[in-house]
1. Just give me the residues in region 21-37 being free of Cβ contacts under 8 Å to residues at least 60 places away in the same chain and within 18 Å of MET101 (Cβ to Cβ), in sequence order.
2. Taking helices (runs of 4 or more DSSP H) that do not extend beyond region 181-291, which have at least 1 residues that are of a type in the set (Val, Ile, Thr) and either modelled with pLDDT of 90 or more or surrounded by 10 or more Cβ atoms within 10 Å (Cβ to Cβ) (or both)?
3. Evaluate region 44-62: report whether one residue or more is modelled with pLDDT of 85 or more, over 27 Å from THR199 (Cα atoms) and not assigned by TED's automatic domain parsing to the domain that holds LEU206.
4. Out of the residues in region 55-85 that are part of a loop (DSSP other than H, G, I, E, B) and under 29 Å from the mean Cα position of the chain (by Cα), which is surrounded by the most Cβ atoms within 10 Å (Cβ to Cβ)?
5. Among (1) hydroxyl-bearing (Ser, Thr, Tyr); (2) at pLDDT 90 or above; (3) more than 20 Å from the chain's Cα centre (by Cα), there is one condition TYR128 misses while meeting the rest; what is its number?
6. Inside region 164-197, can you point out the residues that are under 16 Å from GLU249 (Cβ atoms) and of a type in the set (Val, Ile, Thr)?
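The values are calculated or read from the model by the stated rules, or taken from the named source; none is laboratory data. Since we're looking at a predicted model, the values are computed, not measured. Every residue, glycine as well, gets a Cβ built from its backbone with ideal geometry; the counts of neighbours run over all protein chains shown.
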Amino acid sequence: MADEDSAPTQPVQPTKLTAAMHTIALTALDKFCLKKWVNKTGSAFFWLPYTTFIPDDILVALLDNLPLIRDREALARLARGWEFLEEDGGALFDVICSLNMEFDAMRKESGEESTQTRRAAGLIRCEYWPHPASSPSQHGSSLEVEDMPGEDSAPTQPVQPTKLTAAMRTIALTALDKFCLQKWVNKTGSAFFWLPYTTFIPDDILVALLDSLPLIRDREALARLARGWEFLEEDGGALFDVICSLNTEFDAMRKEAGVEEAEEALGARATAWHGAIETTANARSVIGTCK
């Protein structure tokens with residue numbers, strides 16, 4: 001066995017992306033390819049699709065090993081044979097570094113949330129049967145329940161949700177994607193004809209909106225999150241209307257879910273109490289028979 005007093009080991013470097021991280025990374029790299037491709041000159045760049053900028057085998061290798069790309073040498077090994085490595089490798093490395101920083105923060109936040117969840121699970125106790133030390137007196141005929149701490153304190157205000165559930169995020173992403181398509185097809189100009197509608201809201205801004213959507217309750221919050229968006233002044237109002245509609249829908253979903261959970265908890269508590277009372281009655285009948 002290793003010495004227990006030795007210095008703690010460094011955390012193991014993650015080697016794989018989660019499904020959500022993989023999607024974010026693929027979107028960012030796809031956007032990088034598009035930006036670089038449209039700035040190239042030559043007939044090949046006009047006729048070939050931008051998806052040929054990074055060959056599929058290299059793209060897959062980058063995604064599979066992205067958490068391990070922490071220096072230029074690692075990128076060079078994985079992208080060996082890439083035609084634009086010398087010219088655009090630096091810019092690609094910057095994108096990968098930005099992704100790794102974002103994913104490191106996501107892992108850290110996820111770890112802290114898991115710790116808080118485990119800690120809360122250990123603190124919450126629901127006891128339907130009195131502890132033996134506080135069991136009713138042999139002369140008593142009713143069950144005594146120990147009061148839960150804090151029942152007489154003033155109720156706290158509900159905490160404003162800061163995250164979307166997976167289902168809500170899917171609904172929001174679908175609504176924002178539809179919004180982008182509707183706005184894009186009504187724009188005029190060659191860029192709106194050749195570029196995909198998904199470029200209407202840049203990926204980094206779209207992710208920021210989804211991550212903080214429950215907190216966007218006024219135009220100022222939207223302006224802060226969408227800072228730098230090309231169409232903020234022109235289409236920000238319409239986008240805010242979509243977000244308000246989503247928040248109204250999600251608030252109703254949370255309220256309905258809270259009512260259902262409360263009803264389930266009350267039902268479970270009543271069932272437990274009925275079972276406890278029935279058990280007590282059976283035990284007393286047995287005692288009476290023995291007498």
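1. The initial filter retains those residues of region 21-37 that are free of Cβ contacts under 8 Å to residues at least 60 places away in the same chain, namely 22-23, 26, 30, 33, 35-37.
Answer for region 21-37, where residues must be free of Cβ contacts under 8 Å to residues at least 60 places away in the same chain and within 18 Å of MET101 (Cβ to Cβ): HIS22, THR23, LEU26.
2. Values: elements: 190-194, 203-212, 219-225, 232-290.
By residue number, 203-212, 232-290.
3. Within region 44-62, none of the residues are modelled with pLDDT of 85 or more, over 27 Å from THR199 (Cα atoms) and not assigned by TED's automatic domain parsing to the domain that holds LEU206.
4. To start, the set of residues in region 55-85 that are part of a loop (DSSP other than H, G, I, E, B) comprises 55, 69-71, 79-84.
Adding the requirement that they be under 29 Å from the mean Cα position of the chain (by Cα) leaves 69-71.
Values: ILE69: 22, ARG70: 13, ASP71: 10.
Among them, the one singled out is ILE69.
5. Unmet condition: (2).
6. Matches in region 164-197: THR165, THR170, ILE171, THR174.
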